[in-house]
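Report on the structure given below.
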Amino acid sequence: MVSLPQGLNRVLVIKLGALGDFVQAMGPFQAIRAALPDAQITLLTTQPFVELAMHSGWFDQVWTDRRPRSISGYWALRRQLLSGRFDMIFDLQTSDRSGNYWRMLWPRRPLISGIVAGATHPHNNPNRNIMHTLERQRDQLAMAGISTVPGPKVDWMQGDIDGLGLPDRFGVIVPGGSAHRPDKRWPAECFAALAQAWVQSGLTPVIIGTKADADWTDVVAAACPQAIDLTGKTELFQLASLCRRADIAVGNDTGPMHLAAVAGCPCLVLYSKASNPALCAQKGPSVRLLQVDDLNDLSVESVLDRLSAPLATV
């Protein structure tokens, strides 16, 4: 069994990326803090997750990666990283970009857990690219001496939802997703029909998404005036609290569904062949998946049938 290096007083964790990636790293964040309770741990992340990370209790400080694109920008980042005097880096991003951040610290490079060439604690499992994100991160940390990675606890994510006008019973609809990946979206008209079916059964639909999702969410809201449209009106802490109260959440393979899953909301996530759930599926106590090659071919009846079928936890 690999032992965690001794004398790790100052540690850097790197996790960039989108909401789903950040949520799936929450268990590893907790594990690093539990393994190094007295260390000063710094997270390098992107702007959307700075406030979330600061409130988590897992980090002593949070730095923003501003994606330098100039020589002066890289020198500024190098000076900041050197000022941290880190003993070890846990590179949970494992990208060329994050690997370069370690490379440019020569000749004072700290220990590093990751896949960059020359890593002191490499994740050299030949199967890493066919492992689910959570399994891959657990394996990486085990090879660095952290053998226990729990499921993420997000009960600290509490947002004020009293002013959102939520009824006693409601279901969450997440019709959006990456604008450049329309093949990962179920048609908006289908989400609208699902919302109408919920109304008929006595469940109020609550539509969530960012302003960038308005092309999808507007269709659902227009077709189902009984729905509560919260597009662009919820921040991450509110979203977690909202999902805890919801009866169900149905959506595409997108970040808010990862958050809904770890918050404990019963979830149904819709997949096309554009995503491989074996590598990236949402994980939580009550998660169901429904995958078809083309989401345009997925009927509302199939979704309703899947919601009424026995739960298959993943």
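The values are calculated or read from the model by the stated rules, or taken from the named source; none is laboratory data. Treat the numbers as computed from the prediction; the structure is a model and nothing was measured. Methodologically, a virtual Cβ is constructed for each residue, glycine included, from the backbone with ideal geometry; neighbour enumeration extends over all protein chains shown.
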Item to check | Enumeration of residues in region 125-143 that are among the polar types (S, T, N, Q), more than 19 Å from A34 (Cα to Cα) and either part of a helix (DSSP H, G or I) or over 26 Å from the mean Cα position of the chain (by Cα) (or both) | outcome: N129, T133
Next on the checklist: Residues that are in contact (Cβ under 8 Å) with a residue 60 or more places away in the chain: list the strands (runs of 3 or more DSSP E) wholly contained in region 192-282 that include at least 1 such residues.
Outcome noted: 248-252, 267-271
Next on the checklist: Name the residue that is surrounded by the fewest Cβ atoms within 10 Å (Cβ to Cβ), counting only residues in region 272-285 that are farther than 28 Å from D155 by Cβ and either among the aliphatic types (A, V, I, L, M) or in contact with a Pro (Cβ under 7 Å, 6 or more places away or on another chain) (or both).
Outcome noted: A278
Item to check | Single residue of region 6-36 satisfying the filter (basic (K, R) and surrounded by fewer than 19 Cβ atoms within 10 Å (Cβ to Cβ)) that is nearest to G145 (Cα to Cα) | outcome: R33
Checklist outcome for this item: Being in a helix (DSSP H, G or I) and either of a type outside the set (A, V, I, L, M) or surrounded by fewer than 20 Cβ atoms within 10 Å (Cβ to Cβ) (or both) narrows R306, R288 down to just R306
Checklist entry - Where in region 21-124 are there helices (runs of 4 or more DSSP H), lying wholly inside it, with at least 2 residues that are closer than 25 Å to L236 by Cα and touching a strand residue (DSSP E or B) at 6+ places or on another chain (Cβ under 6 Å)? => result 50-56
Next on the checklist: Take D229 and tell me if it is among the acidic types (D, E) and more than 19 Å from the chain's Cα centre (by Cα).
Outcome noted: yes
Next on the checklist: Whether any residue in region 104-111 is under 26 Å from the mean Cα position of the chain (by Cα) and not hydroxyl-bearing (S, T, Y) is what I want to check.
Outcome noted: no
Checklist outcome for this item: Checking V149, V154 in turn, the sole residue that is touching a Leu at 6+ places or on another chain (Cβ under 7 Å) and in a loop (DSSP other than H, G, I, E, B) turns out to be V149
Next on the checklist: Any residue at all in region 33-43 that's touching a helix residue (DSSP H, G or I) at 6+ places or on another chain (Cβ under 8 Å) and in contact (Cβ under 8 Å) with a residue 40 or more places away in the chain?
Outcome noted: no
Checklist outcome for this item: Picking from G114, G84, the residue that is at pLDDT 95 or above, under 20 Å from T45 (Cα atoms), assigned by TED's automatic domain parsing to the domain that holds K15 and in contact with a Lys or Arg (Cβ under 7 Å, 6 or more places away or on another chain) would be G84
Item to check | Criterion violated by T94 - all others in (1) touching a helix residue (DSSP H, G or I) at 6+ places or on another chain (Cβ under 8 Å); (2) exposed (fewer than 14 other Cβ atoms within 10 Å of the Cβ) satisfied | outcome: (2)
Checklist entry - Just one of D253, D168, D229 is among the acidic types (D, E), crowded, with 24+ Cβ neighbours inside 10 Å and not assigned by TED's automatic domain parsing to the domain that holds G20; which is it? => result D253
